[in-house]
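Student: Would you mind keeping the following structure in view while I ask a few things?
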Amino acid sequence: MLPMRSVLSTLASLAALVAALSCCLPLGTLLMAAGSAGASMFSEKLRPWLLAFSAAALVFAFVQTYFRRRCEFRHRRLRTVLLWFSAIVVVGMIAVPGTFASLMAGRLPSLSGAGELRDFDAAEFTRQFDAASDSTRLVLLLSPT
């Protein structure tokens, strides 16, 4: 049997290796992305069932809140707001899933791209920069590397 010191030193060296690799390689990001991709592939097959369960749970919550009057749920504003927010999210996901997904991703579906890229013309840039001398100007240089 190995002494406790050798086990601890082995674990410490493995922890140091993982810490060093996490500095240089995006292992955590890679593992989380792979896990998310696998989970999304699995949950996409269950999407209709999950939406049906969400709708049924909302119907149950509305019946308990507004028709049975068994709980004091209606008198608490935050809980009522959360119930209605959940209802809006579920109805949005059922009615217009593509638009709702774009909104959740932070993009407005009505906005399109900026168009095609143009070649940089240094003379035109200098002319426009000098013409806007009465405005605050900011030049941002980005490198692809």
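Values quoted throughout were computed directly from the atomic coordinates according to the rules given, and no laboratory measurement underlies them. What you are looking at is a predicted structure, and each value in this text was computed from that prediction instead of being measured. Don't worry about glycine lacking a Cβ; one is built from the backbone with ideal geometry, like all the others, and counts go over all protein chains shown.
Student: Need the full-extension length gain, residue 13 to residue 52, defined as separation in residues times 0.36 nm minus the C-alpha distance. One decimal, nm.
Tutor: Roughly 9.1 nm would be gained on extension.
Student: Follow-up question, since we're still on this one. What's the local net charge at residue 130, with K and R +1, D and E -1, over the other residues with C-beta under 15 Å away? Before the final figure, lay out the partial values.
Tutor: On the way: positive: 127, 137; negative: 121, 124, 134.
Around residue 130, the surrounding residues sum to -1.
Student: Let me ask something else about it. Run the numbers for residue 42 and residue 102: contour at 0.36 nm per residue of separation, minus the present Cα-Cα distance, in nm.
Tutor: Result: 19.5 nm gained on full extension.
Student: So, one more: Using R₀ = 35 Å, calculate the FRET efficiency as 1/(1 + (r/R₀)^6) where r is the Cβ-Cβ separation of residue 130 and residue 79; round to 0.05.
Tutor: Result of the calculation: an efficiency of 0.05.
Student: Follow-up. Between residue 138 and residue 67, how many nm apart are label points set 7 Å from Cα along the C-beta direction?
Tutor: Roughly 5.4 nm, to one decimal.
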